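Engineer: Before I ask anything, let me first share the structure, which is written out below as structure tokens.
Any read-out appearing in this document is the output of simple, stated calculations on the displayed coordinates, not a laboratory observation. All values reported here derive from a predicted model rather than from experimental measurement. Here the Cβ positions follow ideal geometry from the backbone for every residue, glycine too, while neighbour counts run over all protein chains shown.
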Amino acid sequence: MTNSATAVAHANIALAKYWGKRDEALALPATSSLSLTLDAFHATTTVTLDPAADADTATLDGRPMSDGELARVSRFLDLVRSLAGSSARAAVDSVSTVPTGAGLASSASGFAALAGAAAAVYGLDLDARGLSRLARRGSGSASRSVFGGLVVWHAGTDDATSYAEPVPGGEPGGPLDPAMAVVVLDAGRKAVSSREAMRRTVETSPFFPAWAEATERDVALMLDAVRAGDLAALGELAESNALRMHATMLGARPPVRYWTAHTVAVLDQVQALRADGLPCWATIDAGPNVKVLCAAPDLPALADALSDGGTRRVVTARPGPGLRVDAGGAS
Ligand code: PMV
């Protein structure tokens, strides 16, 4: 009998953002979103059943997870156990190359890998769409990390209709040939979690309804741009969508602001590079770091410029693969 499974999932960065839930319990988003899975960052998670244990245990990068992190993992495992009809506790061991909680999509790769390994070890028979729906319950953006390349997460109206799927056209060397430079300004943990910040935005920002409407339109326009092989159209929409997401949270009370002066400096630089003839577009998540989209052939020049003479850490990324599960661990 298999009592251990390991899964690897890569981080993704949204070009049309998920920001705000319509249903907290089911993690149904207010809008659809579109992302690029990256090869540069991934989580590797092993889940081992321990029927004799009376509680789950979990480590991250070899250290026990905090009480809060363990509680979140354990709640997710409760969901898997309820679907599988099992009461067995588990040991979760995760190793991540993504800085945690810094707006660098650590929860996306983390929960996609946990969903893959837990589904395998508890014997849930899920296809990729089922895994995407399951990963969504751990962290919304994790629904997209089940797939490689460009991915759309359909908002849907209930648990069955809210899932991600791949969008053809983002393959390396394909018509868009996208790449990303990730400018790591601060890899520390953010002050306000994306969960809390989203809740506050939905409840108090007068801009939120307009944001949701505009984002649904942006996703449709981005899918058109992908079909047309038009990276510039995709990039312009992505930069605008990210700025609008931050505008909606600046409108919350109390306001949520993830930007620092360094964030603004990178935005200025991206604008200047564009004016100098290097096509590139910025996006920012729930943290100060800036990710810059470009065509793969422009990536070395872009990364070199953004590193600012070696004073900034820049990670270069190409499209990454979807979730891989190895259920080979036999007891
Ligand atoms: O999946 P969560 O709950 O960590 O939310 C992710 C939110 C953003 O990264 C800011 C946007 C996105 O679509 O990934």
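Engineer: By count of other Cβ within 10 Å, fewest leading, how are 196, 69 ordered?
Structural biologist: 196, 69
Engineer: Under a cut-off of 14 Å between alpha-carbon atoms, report the aspartates and glutamates in cross-link reach of residue 21, not counting same-chain residues fewer than 8 places apart.
Structural biologist: 158, 159, 196, 203, 213, 216
Engineer: Taking only C-alpha pairs under 8 Å that are 6+ residues apart, what is the relative contact order of the chain in percent?
Structural biologist: The value is 26 percent.
Engineer: Can you bin every Cα-Cα distance in the chain into 20 Å intervals starting at zero and give me the percent of pairs per bin, rounded to whole numbers?
Structural biologist: Whole-percent P(r) values from 0 Å outward: 34, 57, 9, 0.
Engineer: Next up: Take the eigenvalues of the Cα gyration tensor for segment 1-118, scale each by 5, and report the square roots as semi-axes in whole Å, largest first.
Structural biologist: 25, 17, 13
Engineer: Roughly speaking, what % of Cα-Cα pairs in segment 178-317 are separated by over 17 Å, rounded to a whole number?
Structural biologist: Result: 62 percent of Cα pairs exceed 17 Å.
Engineer: So, one more: Take the Cα of residue 327, step 7 Å along the line toward its Cβ, and report every residue of segment 20-54 whose backbone nitrogen sits under 16 Å from that point.
Structural biologist: 46-49
Engineer: Here's something else I'd like to know. Tell me the relative contact order for segment 212-290 as a rounded percent, counting alpha carbon contacts under 8 Å between residues six or more apart.
Structural biologist: This gives 30 percent for segment 212-290.
Engineer: Let's see if you can work this out: charge +1 on each Lys and Arg Cβ, -1 on each Asp and Glu Cβ, no other charges. What is the dipole magnitude of the chain about its Cα centre, in debye to the nearest 20?
Structural biologist: So the dipole magnitude of the chain works out to roughly 600 debye.
Engineer: May I pose another question? Quick one: the Cα spread of segment 82-234 along its three principal axes, in angstroms, biggest first?
Structural biologist: 50, 38, 35
Engineer: Right, another one. So if I take the centroid of the Cα atoms in segment 201-279 and the same for segment 1-79, what is the distance between those two points in Å?
Structural biologist: Using only Cα atoms, the two centres lie 26 Å from each other.
Engineer: Putting +1 on Lys and Arg Cβ atoms and -1 on Asp and Glu Cβ atoms, find which of 11, 215, 126 reaches farthest to the positive end of the dipole of the chain.
Structural biologist: My answer, from the dipole projection, is 215.
Engineer: For the chain, which DSSP H helices look membrane-span-like by this rule: Cα extent along the axis of 18 Å or more and mean Kyte-Doolittle of at least 1.0?
Structural biologist: The qualifying helices are 106-121.
Engineer: Using a simple spin-label model with points 7 Å from Cα along the Cα→Cβ vector, what separation in nm is obtained for residue 193 and residue 95?
Structural biologist: Between residue 193 and residue 95, the label points sit 2.7 nm apart.
Engineer: For the chain, set up a GNM with springs between Cα atoms under 10 Å and report which of 314, 92, 192 has the largest fluctuation.
Structural biologist: 192
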